[in-house]
Structures are given as structure tokens and as C-alpha cells.
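First the structure, in the form of C-alpha cells, and then the observations on it.
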Amino acid sequence: MAEQEENIVEQVTNQEYKYGFVTDIDADTIPQGLNEDIIRLISEKKNEPDWLLEFRLKAFRHWQTLEMPNWAHIDMPEIDFQSIYYYSAPKSKTNKTDANGIDPELNKTFDKLGIPLYERAQLSGMAVDAVMDSVSVKTTFKEQLAELGIIFCSISSAVKDYPDLVRKYLGTVVPYTDNFFAALNSAVFSDGSFVYIPKGVRCPMELSSYFRINAAKTGQFERTLIVADDDSYVSYLEGCTAPQRDEAQMHAAIVEIVAHDRAEIKYSTVQNWYPGDKDGKGGIYNCVTKRAICKGDSSKISWTQVETGSAITWKYPSCILAGDNSVGEFYSVAVTNNYQQADTGTKMIHLGKNTKSRIVSKGISAGKSQNSYRGEVRVVPKASNSRNFSQCDSLLLGDKCGAHTFPYIQVDNETSVVQHEATTSKVDEDQIFYCNQRGISTEDAVGLIVNGYAKEVINKLPMEFAVEAQKLLAVSLENSVG
Amino acid sequence: MGLLEIKNLHANIGDKEILKGVNLTINPGEVHAIMGPNGSGKSTLSAVLTGNPTYTVTEGSVMFNGKNLLEMAPEDRAREGMFLSFQYPVEIPGVSMVNFIRTAVNEKRKYQGQPALSATEFLKMMRERKDLVELDNKLANRSVNEGFSGGEKKRNEIFQMAMLEPKLSILDETDSGLDIDALRIVAKGVNHLRNSENASIVITHYQRLLDYIVPDVVHVLYKGRIVKTEGRELVAELEEKGYDWIKREQGDL
């Protein structure tokens with residue numbers, strides 16, 4: 001690990017956002033704007049059953065009654081939702097596909113992003129669902145997983161092939177009435193991943209979705225649904241990038257997770273959407289609703305996120321601990337630099353008895369950015385003997401950035417214990433000079449310090465992602481110490 | 001040519017001039033002690049030599065290894081073989097000693113065109129050198145200087161010196177805050193590392209440390225200038241007479 005750490009530090013010197021390229025490919029795009037006809041058109045394009053169209057329309061009608069939330073510690077510009085393209089599917093220019101059924105141009109794109117669409121990459125032991133703009137391009141290892149009864153496919157195919165399962169769970173964790181962005185997503189969601197792990201099965205490989213925004217002025221509204229049946233286990237990873245553009249783009253996703261009795265789900269995110277340029281121009285507005293329910297007794301859900309990208313981040317991956325003895329965890333590193341703004345955290349809702357939750361949030365602010373932790377811990381009267389431990393740390397680089405913590409704690413039960421700890425620290429010039437005097441450059445010193453600070457969270461990521469995350473942390477903070 | 005040649009060095013902190021024309025030449029194999037009362041500029045000299053950005057050099061030149069030291073970034077000075085044992089070692093939470101010193105060693109090797117050490121080679125080297133200053137195994141796995149006692153911090157500085165094998169080591173008040181046992185351990189480490197190729201500057205107030213690390217040349221720095229340079233016998237003289245004698249000589253008393 002130490003050896004890798006070093007190489008990373010070397011690699012990152014003088015790197016900028018390296019995923020900012022655009023793939024030159026035709027797209028099947030529907031007209032700009034949002035109304036019931038557009039929603040019918042999306043549904044039609046995807047050949048959806050009536051129940052799903054109804055779901056979308058109900059969500060849309062509800063969305064129209066809502067206002068964009070403004071409680072977050074974020075300065076969000078007015079968004080013209082009528083100027084967004086809600087569906088854009090990459091379309092082959094030549095209509096050629098290779099032996100694996102993949103358009104060579106798309107394959108090149110994902111290759112460039114380091115995402116193998118061919119199963120030759122078997123060694124990496126990871127199955128991938130690759131989504132560009134509004135459609136899933138390819139899901140690997142589907143067949144091998146199917147032998148174990150595991151379903152891993154795009155949510156569009158799941159609607160066709162496993163309608164009962166999708167219908168049973170869709171919208172049960174995040175109802176369309178949940179919030180503004182959730183209602184919008186429910187109305188227009190295009191693709192995303194679906195995972196079902198049957199009873200007693202331990203998924204033998206990491207499942208992963210890779211989201212790529214390519215087309216201009218498009219929003220990405222993917223939807224992911226993961227269900228782990230009794231006594232099963234799965235580790236799921238999510239990554240994302242977008243081209244470098246001057247105008248901001250919208251990303252409003254929903255992730256719903258259900259864990260039944262004794263099931264365990266680990267969900268890891270390395271979020272690297274285009275953060276905008278040094279002056280705060282462009283970037284992705286990342287407004288995402290992620291929620292998991294520990295439905296069954298003794299089930300466990302663990303969220304790990306490394307957030308380095310996006311101009312604006314608005315997300316609170318949460319756990320509803322409904323089953324007795326269930327466990328929820330949230331490990332987060334959120335980095336903001338230049339003019340990035342992040343308002344992120346979690347909710348731990350203790351409903352069952354003896355439920356436990358743990359929150360470790362590490363905010364890192366640099367440049368002129370604003371970084372907020374917002375978290376809720378609630379223990380209801382019935383949730384006796386529940387425990388929560390929260391630790392919220394902020395690290396500041398420079399003196400023009402901000403770090404904020406907004407904890408909401410409500411305990412309605414005398415046998416439960418909730419603990420909250422918070423620290424704020426600064427990378428100071430003495431630390432940097434001490435490193436310099438030992439032959440370590442300032443950039444490398446910041447990398448060392450930041451990775452050291454975030455270690456507790458990074459260590460929760462699967463190996464391949466941990467390495468990627470360390471690189472990202474260093475790159476995101478380049479030139480942040482003057 | 002000397003390993004270090006300082007000519008007419010002037011340096012400021014803000015608008016205030018601290019060094020007012022320091023001249024000093026150090027040859028390989030030599031140990032120089034720099035003594036002087038509080039506020040005479042001893043720590044400033046070490047900070048300026050290592051490139052601490054708090055200070056501005058306004059005049060003069062410093063050659064190190066035949067290169068213009070003042071043009072080099074602090075990290076390059078270190079990679080060239082200049083080492084400062086800090087008076088107040090800095091804590092870096094979250095960064096393990098192992099990772100820290102390994103990065104430092106390999107940065108220096110890279111600068112000198114040598115390949116990075118493998119994990120095995122590195123750990124072997126670390127085991128040997130840490131014994132030199134009787135540093136606990138556990139300390140190596142903790143964060144840099146975090147929660148170390150005063151003595152442990154100073155021993156850790158000498159340990160890093162042993163790992164980095166500098167050409168010139170500057171020990172800035174390394175004896176401050178040390179009990180006699182820790183002082184012996186630190187001195188033993190420094191003496192062990194002493195050879196005909198490298199040199200040291202020992203900055204101190206007291207004779208105590210110089211009983212263990214015996215200097216070849218002793219300088220007195222006063223009001224930003226070296227006002228006296230003699231052999232090791234000067235240490236005893238200063239201990240006996242105190243600095244008032246120097247101040248009187250300089251017409252200040």
C-alpha cells in the first residue's frame with residue numbers, strides 16, 4: 001500500500017481534470033424541456049409498461065407543486081428546468097458494433113476512462129454496468145452472476161425482464177414525494193443499475209456502475225435499485241465523470257437499497273464529476289437522494305463516499321434502521337476546492353431495537369470553497385438500546401474557504417446513547433515547511449497530510465477504489481496551498 | 001572549497017533585520033558550535049539556511065556543495081543533503097512516521113538518480129537506525145510527532161537524520177527540554193553519524209550538549225553577527241564568564 005501511495009503522489013503532480021474530453025458520437029436526443037408529453041416520450045422510447053408511465057406522471061405532477069429546496073448551505077443559481085434535455089442516447093454513427101455488441105467509439109471512451117467493457121478484464125474481479133447519458137451501454141459478467149441467481153443489469157432491462165421485482169421495490173425507500181429532486185428523478189429517470197442478490201448468496205465480485213455524462217445541456221437522472229435478500233452480501237461501487245464545459249449540468253439521481261434479514265450491503269462512491277474551472281465556471285450540480293433501509297433484523301448497510309467533483313454537491317446517503325439489531329454506517333470524505341460547494345452528510349433513523357450507527361465525516365476545504373456536513377440522528381421511542389457515534393472533522397487549507405457542521409440529533413428513548421464529536425484543524429505552514437525540510441515538496445506534503453487525514457474513510461473502500469480515491473484527493477487539491 | 005560558505009548574509013523577518021552580515025565556512029568532517037544569548041539570531045540562521053519562507057534574505061551569498069543555496073527550494077536543499085533538527089518538531093496527525101520518512105528517503109534518492117528502496121530494504125534500514133536513538137517500535141507506527149514526549153520528539157529528529165544521511169546537519173537547540181539520559185542518547189546518535197564526509201552545526205545556549213558532542217570550532221553569534229570564533233576551549237570560557245563578557249566587548253555594557 002505504501003508503495004502505491006508513493007507512485008500516486010508522483011503521478012498526480014501537475015494533473016488537471018483529465019476526464020474532461022467529449023466523445024464525438026451521434027445521439028438520439030428528444031426535444032428540450034419538461035412536460036407530460038416529454039415524459040410519455042421517454043417512457044415510449046424505453047418501451048415501458050403502463051404502471052411505470054403512471055408512476056412517472058404522478059411524480060411529475062407532484063414535482064410541479066414543489067419548489068427547489070433552499071435550506072442547504074449552498075448558493076445555487078436559478079435552474080431553468082425547461083432548458084435541459086431529459087433524454088439523450090448515444091447512437092452509433094456507422095451502426096457498427098464489434099463481436100461483443102459494443103460500438104467501437106463507446107468502447108474507446110470507456111477504455112479512456114479506465115473502465116473495461118470486455119470481460120477479458122476478468123482479473124480485476126469486477127462486473128461493470130456502464131451508463132452514458134441516458135442509457136446503459138454494457139453490463140459485464142451478467143451470465144456468470146446469473147448462475148448464482150444474482151441479477152445485475154440496467155434498470156431498463158430489469159423493468160422488462162423482472163417487472164415484479166422492480167415494481168415491488170421501486171419507490172419504496174425513496175418515494176417520489178420525498179423531495180424536489182427525487183420527484184424530478186422519478187418523473188424522468190432514464191437508466192441506472194438494478195441488483196438483486198438472492199437468499200444466502202454472497203456476491204463473488206464487486207459490482208460497479210460507471211456513470212458518464214457526454215452530451216451537452218443534458219441532465220443525467222439515473223436510478224439505482226439494490227435488493228439483498230436474507231443472508232446475502234454484496235459490495236457495490238459507483239464512479240462518475242463528465243466533460244469539461246462552461247455551462248453547468250444537472251445530475252439528479254436516486255439510489256434505493258433494501259437489506260433483508262442478516263443481509264449486508266456495502267455501497268461505495270468515488271464521485272468525480274467535473275467540478276467547474278478555477279473561476280467557478282461550469283461543473284455538475286450533483287443533487288442526489290440515496291437511501292437504504294435495513295428492513296430485516298441484523299442487517300447491515302455501509303455507505304462510503306469520496307466526493308471530490310461537482311460544482312455543487314447536495315446529498316445525504318441515509319440509513320433507516322428498521323430491523324432489530326441492524327447496523328448503519330456512513331464514511332465520507334468530501335473535498336472542495338476553488339469555488340466548489342458541498343452540503344453533504346447522512347441520516348441515521350433508528351426504528352428497531354438495539355440498532356447501531358456510526359458516522360465518520362471528513363470535510364476538506366481549500367480555495368474559496370464551502371464545505372458543510374449536515375446530518376441527522378433520530379432514535380424513536382421504540383428503538384431501545386440504540387447507539388450512535390458521530391465524528392465530524394473539518395480540515396482547512398488556506399483562509400478563504402469555509403467549513404460548517406450542522407448536526408440534528410433527536411433521541412426519544414432513555415436507553416439509547418448518542419455521541420457526537422467534531423474537530424476543526426488547519427494544514428499550517430509549519431507542517432508544510434517541516435515536510436519541505438525533509439525533501440518533500442509542498443504538493444506531496446499536502447497529499448500526505450490529506451490522505452493521512454482521510455485514511456479512516458479511504459480504508460473502507462475496496463482496494464482498487466482506494467488507490468483511485470487517494471489520487472483524486474491529491475489532484476483535487478493541487479495548487480491549494482500558496 | 002568548503003561544504004558551506006556563507007558570505008555577508010543579511011536576513012529580515014518582516015522589516016526587522018535579524019542577520020546583519022554573517023560569514024561562516026564549514027568544511028567536511030567539522031563540527032561547529034554556534035552559541036550566543038537569546039535573540040542573537042541563532043535560530044534565524046538555521047531557518048534561513050533551510051529556506052523557511054518566513055525570512056527574507058536581503059544581501060549576501062551561501063554556497064552549499066558548490067551550488068547557490070539561496071536559489072534552491074527548501075525541498076531541494078534537503079535533497080542536496082541539508083538537514084535541520086527542529087527546535088520544536090512539528091506534529092502531523094494522520095501521517096505515519098513510516099510513510100513520512102519513506103517518502104523523504106525516496107524523494108532524496110530520486111533527486112540523486114537512485115531507485116526507490118523496496119519495502120524490505122526500507123524496513124531493514126529503519127530497524128537499524130531506530131535502534132541508534134533507542135526509538136520505540138511503536139513510535140515508528142504512530143503519526144509524525146503526534147503525542148510524542150519532548151525527548152521522543154528530539155530522538156525522532158536524530159532518527160530522521162540517521163535515515164537521510166545528510167552532508168550538513170543543523171541541530172537547533174536539540175538539548176532544550178531534554179533530561180540527561182535523553183541528552184546522552186541524542187549525542188550518542190549524532191556522534192555515531194559523524195564522519196569525515198559530513199559536517200554539523202550545533203546551535204546551543206549551554207555547555208551541556210557540547211560536553212557530549214565535542215565541537216572543532218566555536219562561534220559566538222551576537223546581534224546578527226559572528227563576533228568571536230575560537231576552538232573548543234571557548235565553550236568553557238563562556239560557561240564560566242557568561243555572555244556579559246561578549247556584550248561588554250561589543251560595547252553594549
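The values are calculated or read from the model by the stated rules, or taken from the named source; none is laboratory data. Fair warning: this is a prediction, and the values are worked out from it, not measured in the lab. With ideal geometry, Cβ positions are generated from the backbone for all residues, glycine too; neighbour counts draw on all protein chains shown. Note: areas computed on protein heavy atoms with side chains; ligands, DNA, RNA excluded. Shrake-Rupley method; radii C 1.70, N 1.55, O 1.52, S 1.80 Å.
Observations, loosely collected:
- When the surface is traced with a 1.4 Å probe over the full set of protein chains, B:Y212 keeps roughly 70 Å² accessible.
- Distance (nanometres) between label positions extended 7 Å along Cα→Cβ at B:E237 and A:E429: 3.9 nm
- Rounded percent of accessible protein surface that carbon and sulfur make up, the protein assembly as shown, 1.4 Å probe: 46 percent
- Net +/- balance of residues flanking B:Y212 in space, Cβ distance below 11 Å, scoring K and R +1, D and E -1: +1
- Cβ-Cβ FRET estimate between A:D412 and A:E456, R0 fixed at 25 Å, reported to 0.05: 0.25
- Interface burial in segment B:66-83, defined as at least 20 Å² less accessible area with all protein chains than with the chain alone at a 1.4 Å probe, covers B:P74, B:E75, B:A78, B:R79.
- Efficiency of FRET between A:E421 and A:E376 - r from beta-carbon atoms, R0 22 angstrom, step 0.05: 0.85
- Heavy atoms of chains B and A lose about 2300 Å² of accessible surface on contact, summed over both sides with a 1.4 Å probe.
- Comparing the full protein assembly with the isolated chain, the residues of segment B:92-137 losing at least 20 square angstrom of accessible surface (1.4 Å probe) are B:I92, B:P93, B:G94, B:V95, B:N99, B:F100, B:R102, B:T103, B:A104, B:E107, B:K110.
- Taking the longest Cα principal axis of chain B as reference, the axis of helix B:97-111 is set at about 80 degrees.
- Cα gyration tensor, chain B - rounded (a/c under 1.5), prolate or oblate: prolate
- Solvent-accessible surface of the protein assembly as shown, averaged per residue with a 1.4 angstrom probe and all protein chains in place: 40 square angstrom.
- Potential lengthening between B:Y111 and B:A73 on full extension [0.36 nm per residue; Cα-Cα distance subtracted]: 12.4 nm
- Rounded to the nearest 10 Å², the accessible area of A:I284 at probe 1.4 Å: 0 Å²
- Helix B:180-193 axis, angle to chain B major axis (alpha carbon atoms, nearest 10°): 80 degrees
- In this calculation the C-beta distance from A:K199 to B:Y206 is compared with R0 = 56 Å, giving a FRET efficiency of 0.15.
- The accessible-area ordering, largest first, of the residues A:D324, A:D444 stands as A:D324, A:D444, per a 1.4 angstrom probe.
- The heavy atoms of A:D277 offer some 50 square angstrom of accessible surface to a 1.4 angstrom probe.
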